[in-house]
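Worksheet: one structure, shown below.
The values are calculated or read from the model by the stated rules, or taken from the named source; none is laboratory data. Worth saying up front: this structure is predicted, and the values here are computed from it rather than measured. We place every Cβ from the backbone using ideal geometry, glycine too, and count neighbours over all the protein chains shown. Protein only, heavy atoms only, side chains kept; ligands, DNA and RNA dropped before computing areas. Shrake-Rupley method; radii C 1.70, N 1.55, O 1.52, S 1.80 Å.
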Amino acid sequence: MNITLNGEKKEVPDGITVLGLLQHLTIQPERVAIELNESVVRKKGYSTAQVQDGDRVEIVSFMGGGAYGASRPCRRNCNLRTAI
Amino acid sequence: MSLRPAVRNLESAIENHDMDFTEDQILRYSRHILLPEVGGEGQEKLLQAKVVLVGAGGLGSPVGYYLAAAGVGTIGVIDNDRVEISNLQRQIAHHTGRLGVDKADSAKETYETLNPDVRVVTHKERLTSANIKGIIKDYDIVVDGSDNFPTRYLVNDACVMMKKRLVSAAVFRFEGQVTTIVPGEGPCYRCLFEVPPPPGMVPSCQEAGILGVVTGVIGTIQATEVVKLILEIGGTLMGSLLLWNALDMSFRRVKVPRNPDCPVCGQHPTITELIDYEQFCSMSH
């Protein structure tokens, strides 16, 4: 079937779920937000939300950086940068 | 082209409004005042506006620069870092002579030197759930150019709770994203990105690199949004996320609907208190 993915036509397997689409595209679900026909699909719905022929899908990547230079680990030494 | 008609237009734009501009101000802002959409009234709005920048880095630098040039009267700068040499490839508010100086002080010097009408208020603190409301309460508009998810979510949630307009942006390698959040009217950051990605899942610019000019383009788009919000002209990025790719030189605008189930701005919010860095961090331990 054909869908519109990020504004461009794309052929994908029939009867696929949102999660299946991400797997098909080798995209890690944790790194993106998904819109199906201009509605946001919540993470817990990825495995049940069906993608239909003609659907419009937007996949938007998380982007966190403001390009500061002097980031440092947080006080707990986890790998989240906490400089602003 | 003769200058005379322009001067007449300028005089009539000023005369139509009861403003107390100095001669220097009339000259400094003449190209604004000449625009019918701005005029003397709009310039007065800019001079009265109070905008706070979260960060004086890659994004905050150009935002502050253009807002200062535009005559935004009060600019807050929240940053507790110092200028390092690796910043100078993109953080244009600073320069080599300011290495080791607090970024907030460096930005203040730059912006106030550009335009003496501007008062820059420095906040040399790391934003936390304890201090953010006290800092942003005095401003009309918040500009987020932070480089990490804990701050990004903290700023979004605080702006929703305090009904502060927010222009949020992020950059990565050759790409950037920008959106404008008007609490109560349009979606918030969590409407699209409900919860932060697991720690380590999304690399930072420090790890992945960033083309310096990308911060300039995206920061300048943020500044444009701020100026339009102040002037109440045109359309903003409320309800959409603008994506830009420098390599393709392509823009994509993704419509973002309000999410009725949004945990912070939805019909039944589950997040009613600010979530702190430490709690975010501890989620990974």
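Here are the numbers:
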item: Computed helical MRE - 222 nm, chain B, DSSP H runs ≥ 4 contributing -39500 (n - 2.57), nearest 500; result: -10500 deg cm²/dmol
item: Accessible surface ranking that places the most exposed of B:119, A:42 first, with a 1.4 angstrom probe; result: B:119, A:42
item: Over 37 Å [Cα-Cα, chain B], rounded percent; result: 14
item: Label point distance in nm, residue A:44-residue B:270, each placed 7 Å from Cα along Cα→Cβ; result: 0.6
item: A/B buried area, accessible surface, summed, 1.4 Å probe, Å²; result: 4400
item: Where the protein assembly as shown is the region considered: accessible area per residue in Å², 1.4 Å probe; result: 45
item: Amide N of segment B:250-271 lying under 15 Å from the label point, which is placed 7 angstrom from the Cα of residue B:129 along Cα→Cβ; result: B:264, B:270-271
item: Inter-chain Cβ neighbour average for residues B:143-155, partner chain, 10 Å; result: 5
item: Surface share of carbon and sulfur [accessible, 1.4 angstrom probe, percent] for the protein assembly as shown; result: 50
item: Shielding by partners - mean other protein chain Cβ count within 10 Å, residues of B:82-88; result: 2
item: B:108, B:255, ranked by accessible area, largest first (probe 1.4 Å); result: B:255, B:108
item: Entries of B:133/B:255; B:45/B:255; B:45/B:228; B:103/B:163; B:45/B:124 with Cα pairs more than 21 Å apart; result: B:133/B:255; B:45/B:255; B:103/B:163; B:45/B:124
item: Residue B:193 accessible area, 1.4 Å probe, all protein chains in place, Å² to nearest 10; result: 0
item: Ranking by accessible area, most exposed first, for A:63, B:162 with a 1.4 Å probe; result: B:162, A:63
